[in-house]
Every structure is written in C-alpha cells, then in structure tokens.
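The values are calculated or read from the model by the stated rules, or taken from the named source; none is laboratory data. Only a predicted model underlies this, so the values are computations on that prediction, with no experimental measurement involved. Ideal geometry is used to build each Cβ from the backbone, glycine not excepted, and the neighbour counts take in all protein chains shown.
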Amino acid sequence: MNRSILHLDLDTFFVSVERLLDSRLRGKPILVGGTGDRGVVSTASYEARYFGAHSGMPMKMARQLCPEAIVIRGNAGTYTKYSKMITEILKERVPLLEKASVDEFYVDLTGLDKFFGCYKFATELRQTIIRETGLPISFGMSINKTVAKVATGEAKPNNQIKIDYGYEKSFLAPLSIKKIPMVGNKTFQALCNLGIKRVRKVQEMPMDMMESVFGKHGVMIWKKANAIDNTQLVEYHERKSISNERTFGKDTTDIYKLKTVLKAMTEQLAYQLRNGNKLTSCITVKIRYSDFNTYSKQMKIPYTSIDHVLIPKVMEMFDNLYNRRMLIRLVGVRFSALVEGSYQMNLFEDSQQTADLYGAMDVIRNKYGSRSVLRASTMGARTIGGMMNPFNGEPPIVLAHRHA
C-alpha cells in the first residue's frame, strides 16, 4: 500500500495572527521579531519578502531593505494559543499527527482512501482550519514527508497541491536544490560551486559521487532529491515543559531590571500553565554572562500554576545563581515535569478571593492578550523573550496585589 503523507504549514503564521487581531495590517509589509540591535526577524509578510526581507535575518538589515515595514514584537502567548487551536482540530480528526513546530504539521492518512479519499479529506480539513481559526494554511500531499513538505512550499500562499504516485521525481526535478530539506545556505553554495543548482542534476548523479563530496549528508540529499524518504511520523504528545528566555540588547548588571524581567516571564508562563490546564513541579532558572558562560539551577516544588508561589521561588534561585557579578547577556525560566490539573487552593494561605482574582485576570488575558493584565512589579519588563503584546492601542491593566 502506498503511503499518503500530508504536510500542513500555516502561511506567515505570526503575521497572519497579527492581521487577524488587527485588520488594518492587511496588505502592508510586516516584520515580526526582536527590534533591538541584536533582534532577528521571526516572520516576514509576503509584502516584506518582496524587498528581500526574510525570517532569520537581522532586523536592522530587514528594516534597511524594507523601510516601509511595520515592525511588531509580537506575543508568544497569543501565537501559542492559535497553534494549540489548530493542534486540537487536527488531533480530533486525524489518525496520526506529528507537530513539527508551532506552525507546521504532518499527518499520516495511509489507508484512508478505502473509506473516504485522502485528498478530499485533506481539503475539507484545511477548510475547517481556515473557517474555525481565520488563518491561511497550505498543504502538500505525497508518498513521504520530503515530497509533501516541498509540495507545500510550492502550493503557498494559502493553497494546496497533491503529487500523484509515480510523479515525485519529475515534480522535484526542475526545482532549486535549495528547496530540498537539509540543504542550508552553506551546502547550497557548495553545490552551486560544483555547478549543481537544480534537483535534476543530483538525480542524474551517482549516489557515490555525492557521498565522496559531502559524506553521509550527501547521501541523504541524494535520497531526498530522488524522492526516497522512509521517515516515519513522530506521534504528537503534549509538551512536558514550557520556557522563556530574554537576550538583552545590551549586557547588564541592573538587578532591578533582571528581576523585573524574570518576574514577568514567570507571570506569563504561569498564565500559560493555567490556560492549558497544566501544573509544574520543577523550576529551572538560567543565566548567560557576557563571556557566554551559562549557568542554571533547578528546584523541585509541589505541583502548582500560581504566580505568587512561583515568583518567589524564581527570585530565590536567581539570588543563589547570580554570584559572578559580571554583565549578563541572557536570563531564562523553564517549568518542567508538567501534568494535567488545576490549581488547588492552600487552605492555610489562600482565599476564595485569591482564586477569583486569578480567574478574572485570566479571562481578561484570554480576551485581550497575555500582557493585558500585569503585576505592578513587572511593568518595567516591556518585552518578554523578545515578544510584546501591542494591546491594540489599549494600555494594560496593572495589578497591585499583596502577592505581587
């Protein structure tokens, strides 16, 4: 039986979410990512790509190429929310799902043709995602992951394509060799130096020749160019950890700034835990100094998802960890050992008023964004992990509370 592998990819995901939240951004060049000197483009809209901007490019260079672009820091929590929506739609409808990234999925539909028709099913699945989320998504379908992924790239933007059995090599042949997964910029340049720019050229070469030049990597490229890929899907499971990091535009020893950012990270991660009905029992705090030496500490705690329990623990770990008294480049927080569950009040410390307060805060965040309600102590952290909520022009609600 021939395999039927579906690859789905959300088109310019971060940009599409921002446009969903603010329709005024439609049709305009958008850059989402860090805005400092060390900032990197996470996603560039097609309008910005026309000028040469692309993901992974330094934001400073992208702005020079496209000075008209609107730059948005973005909001990791919001993007995670929409990614989770699509994941849930897929989990409910497909037999085997692999979540390759926040905006990329593989589905194994092998055998479905007996009952429904794989392409028809995939088409209806894509329309369901578009209808229920409002986000554009493309897909490619073929006998394996490599051809399906390349096909998705050819289908974009917001379209779909199926490569019929037996036509995989002829589909790949005229394409740039750079479109083959695993061919990065350095490998592409090396191939170009050998006069190899199209997939067809690799298809015509003996595998031994690719191996002699590029080793095992060359064998894998040759196989993918010839549509040979027996890789199985890695079934999706719920994540067991969440984390956030912040690389500062300028290395710092400002303790107030460092602690404010760590508190804000913890607050946002705790909200994500509650929003996903998760509890954590393990906290990790990370510091990277200006000499790139990185240190971390880990602590086991009773299961929780509440800010006023987690923040003091993070502060305690930071105080124990920061002992070199030199400039810091990066700080990070990670919650792991996650389990399903809701926070249970401590009968001796918490009150119903506290539980109601957290519930009200999360309702507002779900509606207006994860940074729409803040502790007063985290107001100084305007960016969290390079991401920021634009608030749609509205200022955040500041929480002044005894646990802040």
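Assorted remarks:
- Just one of the listed residues (Val94, Val41) is farther than 30 Å from Cys118 by Cβ, in the same structural domain as Tyr119 (by TED's automatic domain parsing) and not basic (Lys, Arg), and it is Val41.
- Single condition Ile228 does not satisfy, out of (1) within 28 Å of Lys91 (Cβ to Cβ); (2) modelled with pLDDT of 95 or more; (3) of a type in the set (A, V, I, L, M): (1)
- Failed condition for Ile72, given (1) touching a Lys or Arg at 6+ places or on another chain (Cβ under 6 Å); (2) more than 20 Å from Leu8 (Cα to Cα): (1)
- The condition of being among the aliphatic types (A, V, I, L, M) and in a strand (DSSP E or B) does not hold for Leu20.
- Residues that are assigned to a helix (DSSP H, G or I) and within 25 Å of the chain's Cα centre (by Cα) were ranked within region 292-310; the one that is surrounded by the most Cβ atoms within 10 Å (Cβ to Cβ) is Asp307.
- Yes/no for Lys286 being closer than 30 Å to Ile143 by Cα and in contact with a Ser or Thr (Cβ under 9 Å, 6 or more places away or on another chain): no
- Residues satisfying the stated conditions in region 47-74, i.e. touching a helix residue (DSSP H, G or I) at 6+ places or on another chain (Cβ under 7 Å) and surrounded by fewer than 14 Cβ atoms within 10 Å (Cβ to Cβ): Gly52
- Filtered by the rule that a residue be assigned to a helix (DSSP H, G or I), under 22 Å from His7 (Cβ atoms) and either in contact (Cβ under 8 Å) with a residue 40 or more places away in the chain or under 31 Å from the mean Cα position of the chain (by Cα) (or both), region 172-202 gives Leu172, Ile177, Lys178, Lys179, Thr187, Phe188, Val199.
- Residue that is nearest to the chain's Cα centre (by Cα), among those in region 84-108 that are surrounded by 21 or more Cβ atoms within 10 Å (Cβ to Cβ) and more than 20 Å from Ser4 (Cα to Cα): Asp103
- Residue in region 230-248 that is outside the structural domain of Ser4 (by TED's automatic domain parsing), surrounded by 16 or more Cβ atoms within 10 Å (Cβ to Cβ) and free of Cβ contacts under 8 Å to residues at least 60 places away in the same chain present: no
- The number of residues in region 139-169 being in contact (Cβ under 8 Å) with a residue 40 or more places away in the chain and aliphatic (A, V, I, L, M) comes to 5.
- Reported count of residues in region 203-233, each being assigned to a helix (DSSP H, G or I) and not charged (D, E, K, R), is 14.
- Enumeration of residues in region 94-123 that are part of a loop (DSSP other than H, G, I, E, B) and either free of Cβ contacts under 8 Å to residues at least 60 places away in the same chain or of a type in the set (Val, Ile, Thr) (or both): Val94, Pro95, Val102, Thr110, Phe115, Phe116, Gly117
- Complete set of residues in region 312-333 that are free of Cβ contacts under 8 Å to residues at least 40 places away in the same chain, part of a helix (DSSP H, G or I) and within 13 Å of Tyr295 (Cα to Cα): Met317, Asp319, Asn320, Leu321
- Qualifying residue in region 180-191 (condition: surrounded by 13 or more Cβ atoms within 10 Å (Cβ to Cβ) and either under 24 Å from Glu235 (Cβ atoms) or in the same structural domain as Ile86 (by TED's automatic domain parsing) (or both)): yes
- For region 112-120, the count of residues that are over 16 Å from the mean Cα position of the chain (by Cα) and among the aliphatic types (A, V, I, L, M) is at least one.
- Pairing each residue of region 203-227 that is on the phi > 0 side of the Ramachandran plot with any residue that is in a helix (DSSP H, G or I) and charged (D, E, K, R), provided the two are 6+ apart or on different chains, yields C-beta distances under 7 Å for Ala227/Glu168; Ala227/Lys169.
- Residue that is modelled with the lowest pLDDT, among those in region 243-279 that are assigned to a strand (DSSP E or B) and out of contact with any strand residue (DSSP E or B) (no Cβ under 8 Å at 6 or more places or on another chain): Gly249
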